[in-house]
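Here the structure is laid out as structure tokens; the discussion comes afterwards.
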Amino acid sequence: FWADKGLDLETGKLGFHHFIECYAVAYAPGRLYGNRLRKAAGREFNEMVTGLVNRGCDPFGFDGGGFNSLHHAAQYGKLSTMQLLIELAKSRSAELIGATGDPNNADRCGSWSPLMVASANGQEEATKLLLDAGASHEAVTNEGRTALHWACAKGFGGVVQILCKAGASVDAEDTSGWRPLHCALFHNHTGVAAQLVTSFKADMEAQDHNGCPAEEFCSEETWAKFLEVMEAWKADGGGPGAGKG
């Protein structure tokens with residue numbers, strides 16, 4: 001048995017991954033290894049993920065921050081693991097890719113969905129995979145922010161392009177009335193701000209709930225650069241629509 005599990009019979013040493021697998025088999029039910037499963041998902045250790053889930057480990061279990069295994073895989077863009085988790089739990093995949101994996105625990109991570117995690121970390125292919133699997137780009141966090149808000153706040157133009165083409169609203173407001181354009185300008189991402197206005201018709205005059213227009217969300221220097229970039233994009237036929245800026 002131990003040789004089959006990777007034990008070097010000459011040295012008596014057992015690899016880390018094999019040790020975890022053997023420990024789970026010999027000493028405890030798989031459900032006790034949720035933390036191992038989430039770490040394995042974030043590192044794309046698919047054999048370990050499969051083994052732990054098959055032994056009863058809950059793929060929807062949360063860590064201390066409220067993230068489940070799919071959140072961790074999405075954060076690091078581990079596409080094969082993301083697909084594996086969705087397939088392993090296909091009967092519950094709508095929950096897995098939803099607000100937090102379990103609608104009854106929506107507040108445990110501020111209602112961050114795996115799609116938001118992928119978007120906020122610039123994981124373009126992971127964003128596409130989740131959208132194709134049915135993840136909602138309309139889902140919001142406790143602050144009312146969508147995946148598009150987070151992609152704009154982080155300046156990931158490629159993700160912005162993907163979300164907008166999938167139908168994400170550039171006019172979505174959070175609880176303070178901030179739109180994706182406001183988020184981009186506040187964080188000095190002039191390229192993304194220009195992308196929103198030029199390619200996806202975001203309203204430059206939109207105000208938040210305090211009556212502040214987009215121009216007041218950034219410095220005069222940033223606003224001037226934004227206008228300059230936007231004019232360049234218009235001259236270029238809409239700009240590249242990708243990259244970080």
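Given the pairs Lys128/Lys225; Lys128/Lys154; Lys165/Lys225, which span a C-alpha to C-alpha distance of over 22 angstrom in this model? Those over the limit are Lys128/Lys225; Lys165/Lys225. The gain in end-to-end length when the Lys165 to Glu125 segment is fully stretched comes to 13.0 nm, 0.36 nm per residue minus the alpha carbon separation.
Peptides 120-131, 51-62, 205-216 ranked from most to least packed by the mean count of surrounding Cβ atoms within 10 Å: 120-131, 51-62, 205-216.
Between Glu143 and Asn210, the FRET efficiency estimated from the beta carbon spacing at R0 = 22 angstrom works out to 0.90. Here the ratio of the Cα radius of gyration of segment 137-245 to 2.2 N^0.38 Å is 0.95.
Read the figures in this text as sums done on the coordinates, not as results from a lab. Since this is a predicted model, take the numbers as computed values, not measurements. Virtual Cβ from ideal backbone geometry, glycine too; neighbours counted across all protein chains shown.
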